[in-house]
1. Scan the stretch 42-63 residue by residue and report those that are part of a helix (DSSP H, G or I) and surrounded by 10 or more Cβ atoms within 10 Å (Cβ to Cβ).
2. Could you list, in sequence order, the residues of the stretch 18-37 that are loosely packed, with under 14 Cβ neighbours inside 10 Å and modelled with pLDDT of 80 or more?
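The values are calculated or read from the model by the stated rules, or taken from the named source; none is laboratory data. Keep in mind the model is a prediction, meaning the values are calculated, not measured. Because the Cβ atoms are built from the backbone with ideal geometry, glycine has one as well, and the counts that use them run over all protein chains shown.
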């Protein structure tokens, strides 16, 4: 199904006057069509259950903690490597 067919199908299923054949809809008509399509898509959204929401939250928190550990270990490793390579004692101004 092409993009024109999808738009025309959505436009024909929406309420209001039918568009003239070959005529491009006006600015406000396109905005109204867009808003109707957005509302139609939002009606299709299924909200997660409480248990799903808790599970998703825990998965995200565990992932973030794991990434924090990885970044911390890499930061310490690279910091130590840079200190070893350049022989920095941590003091400046000598």
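1. So in the stretch 42-63, the residues part of a helix (DSSP H, G or I) come out as 42-44, 50-63.
Within the stretch 42-63, 52, 53, 54, 55, 56, 57, 58, 59, 60, 61, 62, 63 meet the criteria.
2. 24, 26, 27, 28, 30, 31, 34, 35
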